[in-house]
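A quick write-up on the structure given underneath.
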Amino acid sequence: MSVFGASIKRREDPALITGKGKYTDDLVRPGMCFAAIVRSPHAHARIMSIDTSEAATAPGVIAVFTGQDLVRGEAGGVVPTCWLLPNLVTPDHPILAKDLVRHVGDGVAVVVAENRYQAHDAAELVEVDYDPLDAVTDVVAALEPGAPQVHAEAEGNLAFDWDLGDKEKTEAAFSQAAHTVSVDLRNSRLIPHAVEPRGALAEWDDAKGELTVWVTSQNPHVHRLLMTLASIGLPEHKIRVIAPEVGGGFGSKIHHYPDEAIAAWCAMNTGRPVKWVATRSETNLTDAHGRDHASHAEMALDAEGRIIGLKVETKAAMGAYLSTFAPSVPTYLYGTLLSGQYDIPAIHVRTLGAFTHTTPVDAYRGAGRPEATFLIERIMDLGAAKMGLDPGDFRRKNFIAPDAFPYATQVALEYDSGNYGPALDRALEMVGYQALRDEQAERRKSGDGKLLGIGLSTFIEACGLAPSQVVGSLGAQAGLWESAKVRVHPTGTITVYSGSSGHGQGHETTFAQIVADRLAVDVDQVEVVQGDTREVQFGMGTYGSRSAAVGGSAISEAVDKVIAKGKKIAAHLLEASPDDIVFEDGAFHVQGVPAKTQAWGDVVLQAYLAHNYPDDLEPGLEETAFYNPANFTYPFGAHIAVVEIDRDTGHVELRQYACCDDVGNVINPMIVEGQVHGGLAQGIGQALWEEAVYDDYGQLLTGTLMDYALPRAHMLPSFDTDRTVTPCPHNPLGVKGVGEAGTIASPAAVTNAVVDALSTFGVEHLDMPLTSEKVWRAMNQSGNGQG
């Protein structure tokens, strides 16, 4: 029985659910001490002076450092940006601010003490004299003339001005349009809330001149590289980065933050292991935020309701500094997805990146794809209403035809495969769509009961960014391949070393399934090692729904090499040509002569004995592969939300949610279901509850879980999920990504459902989150209908 495609229980879970997993904050080193970072209470201010004298004499304090100490030291002292655009303005991001703070939470000093309580108490004693300055927190206001400047070198707070598509062709399409629709929308700012806050533990070996850093990272090798190049300055081979158990990331643990560099610098300068772990409030102030777009979009239609053009202008907040991959998110991960599932012959998008006096913004689950899907799916509903068509029929009319693949969009991508109609048909069937429309019509006729709304979202995602040559030409300062090493031990057991680095995805299970299936061994015979730069060959990590498609494909290719070498050994033992050897069902045999066989274990053992062995073949059975994908993978699907709205209070209840996704071949259905469910919860959270809010002075008003409204289990229905299968044609497993699908599709589905319910009040659009107050006000505005 194949283990590829089987719902095997996650091997990671027993340790985690019994409390035996080791997260960064669980680790203890001999002589370990603790760091607390002094952070600015101002969004914009000059640092006039810092007095550390009282803190330095507080109980348990070992040392106090400021940005000026780092200047005097040998550290690089800055956090780099790793995606460059033409004419991008890249101000320095010091790991501790020296002269000017640019957002609430900007670090200005660090206290190292014997325990964390002493460190935090002493941090309160550091006296910083600030000269407060005007701040700007809104992305639109930041680009207005006269706005407070975040960086002197970024005139008008403009980080970049980027566009994609043929502007003249798009304008020509609009000039020929029979109908047009437009929308102004905001994609709200979000704060990641992984269960485990960020943390780092750094240990310096002075005798060897080596630094070890345990850190909450999604990509340890990238962290090591950036610490070498910019923030710390040690040679790469002198830094070891380890990601132990990581309690979720959602993109926020991709980035290199000042904090792990501060912990490392403190360890190097005190000679003691130093641990820093964020408090929850500190996390909310410093973890890279997500989204925060203000967009204007227009769509052109012909007389039959076919889309002939789309133009978009988006202002995207960067925050106070450019985070690791921030410039890529509202450009190449956003603009390239604006064709959605639709055959749109002319598209032009312009994105303005703006500095603001807020926490930096970077990749958050979906990273540009949810923003693109939200925009296109909102304007698709407006287009359907303009044409008097059912939203499903309007989408179906504009789908890319199944025989049109590979399909080159007008925004730089080539979709390699797709068949969108069956997924939409299945989702409509799952919710009983026509019955829902009948129920809605009856409620509207009678005026009784809650308002009923049905929202559709058909999405496409580009994930597993690739190939490296292309993304390099677009500004990526890293390759986007992945590595794997497959080591077969003399007894036939196997260790897989993966350059991917899991933080809850189930790598230890799914990667073992790939190998066990290919080699026909028990899955328990396969061990997976990841997340340690000394143990594992260089790898690019886990983000962008790339682990199975890129990391899994690297493993598959390494297994191919193992099998190829095994065939040579078996051929020697069977006195046959390697070209005549077939490997199947865990054994090597001569093609057409199944009785002439060598068992897997015999071949493996001979690889290490080398007693009866080919002269031209080196002993051992261990192979490495670096897989560089030929293209993105393109998951897609159709999601439908059904909501009920209380007429008196505006309260929105999500009554039903169904989705049919296509993620290609599935390695472990149970894990895929879990990924979809988690993504849906986060996307629905944005649609209905979540928003990071700053006041005009740059204070984060939603900095605690008392104010930032995360979804709870009782707020969500049981999700109804299904799949179609369109295998990826260019990777050896036929798999696509799944981790972000729910987050990409659901904000639009829920928003479309709420707007649908409110359409009889004359409501055409509402920005997220769709709070009770916002919905109540929409229903009660003067001149609206009666529902």
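The values are calculated or read from the model by the stated rules, or taken from the named source; none is laboratory data. Quantities reported herein were computed from a predicted structural model and do not represent experimental measurements. Every residue, glycine among them, receives a Cβ derived from its backbone with ideal geometry; neighbour counts consider all protein chains shown. In case anyone asks, the SASA skips ligands and DNA or RNA and just uses the protein heavy atoms, side chains included. Shrake-Rupley method; radii C 1.70, N 1.55, O 1.52, S 1.80 Å.
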Item to check | Spatial separation of Cα centroids for the stretch 704-723 and the stretch 296-346, in angstrom | outcome: 28
Checklist entry - What percent do you get for the relative contact order of the stretch 418-538 when only Cα pairs under 8 Å and 6+ apart count? => result 17
Checklist entry - In straight Cα distance, which lysines are under 30 Å from LYS167, not counting same-chain residues fewer than 8 positions off? => result LYS311, LYS315, LYS386, LYS397
Checklist outcome for this item: Distance in nm between ALA152 and VAL28 label points, each 7 Å along Cα→Cβ, equals 5.0
Checklist outcome for this item: Here, ASP205 and ARG444, labelled 7 Å along Cα→Cβ, have an inter-label distance in nm of 7.1
Next on the checklist: Could you work out how much longer the chain between ALA599 and GLN537 gets when fully extended? Use 0.36 nm per residue separation minus the Cα distance between them, nm to one decimal.
Outcome noted: 19.3 nm
Checklist entry - How long is the gain from HIS296 to GLU653 if the chain were fully straight, where each residue apart is worth 0.36 nm and the alpha carbon distance is subtracted? => result 125.6 nm
Checklist entry - Taking the Cα centre of each part, how many Å lie between the stretch 659-697 and the stretch 234-259? => result 24
Next on the checklist: I'd like the carbon and sulfur percentage of the solvent accessible area for the chain, probe radius 1.4 Å, heavy atoms only, ligands and nucleic acids excluded.
Outcome noted: 49
Item to check | Accessible solvent surface per residue of the chain, calculated while the other protein chains remain in place, 1.4 angstrom probe, Å² | outcome: 37
Checklist entry - When ranked by the protection proxy of mean other Cβ atoms within 10 Å per residue, highest first, what sequence do the peptides 396-408, 235-247, 309-321, 624-636 form? => result 309-321, 624-636, 235-247, 396-408
Item to check | Residues whose placed amide H lies under 5 Å from that of ILE239, excluding near-sequence neighbours | outcome: LEU211
Checklist entry - Let a ≥ b ≥ c be the square roots of the eigenvalues of the Cα gyration tensor of the stretch 248-288; is it rounded (a/c under 1.5), or, if not, prolate (a/b larger than b/c) or oblate? => result prolate
Item to check | Table column - 3J(HN,Hα) (Hz), the stretch 51-62, Karplus curve with 6.51, -1.76, 1.60, x for Gly and Pro | outcome: 10, 9, 4, 5, 5, 5, 9, 6, x, x, 6, 9
Item to check | Extended-chain gain in nm, criterion 0.36 nm per residue less alpha-carbon gap, MET670 and ARG280 | outcome: 137.3 nm
Checklist entry - In terms of modelled amide H atoms, which long-range or inter-chain residues lie less than 5 Å from the amide H of THR458? => result HIS639
Item to check | the stretch 625-645 residues near the modelled ASP720 label - backbone nitrogen below 15 Å, point 7 Å along Cα→Cβ | outcome: 638-644
Item to check | For the stretch 512-519, Karplus couplings with θ = phi - 60° (6.51, -1.76, 1.60), whole Hz, Gly/Pro x | outcome: 5, 5, 4, 5, 4, 5, 5, 9
Checklist entry - When we measure straight from the Cα of LYS561, which aspartates and glutamates land under 13 angstrom away, once same-chain ones fewer than 8 places off are left out? => result GLU622, GLU623
Item to check | Relative packing of peptides 146-158, 275-287 - highest average C-beta neighbours within 10 Å first | outcome: 275-287, 146-158
Next on the checklist: Given a Förster distance of 22 Å, report the FRET efficiency between LEU617 and ASP580 from their Cβ-Cβ distance, rounded to the nearest 0.05.
Outcome noted: 0.85
Checklist entry - Non-local amide H neighbours of GLN656 (under 5 Å, H modeled in plane, Pro and chain starts lacking H): which ones? => result VAL642
Next on the checklist: What FRET efficiency comes out for ARG712 versus ALA385 if R0 is 45 angstrom and r is the Cβ-Cβ distance? Round to the nearest 0.05.
Outcome noted: 0.85
Checklist outcome for this item: One finds the C-alpha centres of the stretch 137-169 and the stretch 551-589 to be spaced, in Å, by 57
Item to check | Packing-based ranking, highest mean first, of 174-180, 732-738, 637-643 given that Cβ atoms within 10 Å are counted | outcome: 637-643, 732-738, 174-180
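Any idea what the relative contact order of the stretch 481-627 is, in percent, if you count C-alpha pairs under 8 Å spaced at least 6 apart?
Computed value for the stretch 481-627: 31 percent relative contact order.
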Checklist entry - Just for the stretch 481-627, what percent of DSSP beta bridges are antiparallel, to the closest 5? => result 85
Checklist entry - Under the definition of Cα pairs under 8 Å and six or more residues apart, what whole-number percent is the relative contact order of the chain? => result 15
Next on the checklist: Given R₀ = 45 Å, what would the calculated FRET efficiency be for GLU414 paired with LYS774, taking r from the Cβ atoms and rounding to 0.05?
Outcome noted: 0.70
Checklist entry - Considering only Cα-Cα distances, which of the following residue pairs are longer than 32 Å: LYS567/LYS736; LYS238/LYS736; LYS169/LYS253; LYS275/LYS736; LYS238/LYS485? => result LYS238/LYS736; LYS169/LYS253; LYS275/LYS736
Checklist outcome for this item: Expected vector for the stretch 275-281, Karplus 3J(HN,Hα) from phi with 6.51, -1.76, 1.60 and θ = phi - 60°, integer Hz, x for Gly and Pro, equals 10, 10, 9, 5, 6, 5, 5
Checklist outcome for this item: The answer for the net charge of residues other than ILE37 whose Cβ lies under 13 angstrom from its Cβ, with Lys and Arg +1 and Asp and Glu -1, is -1
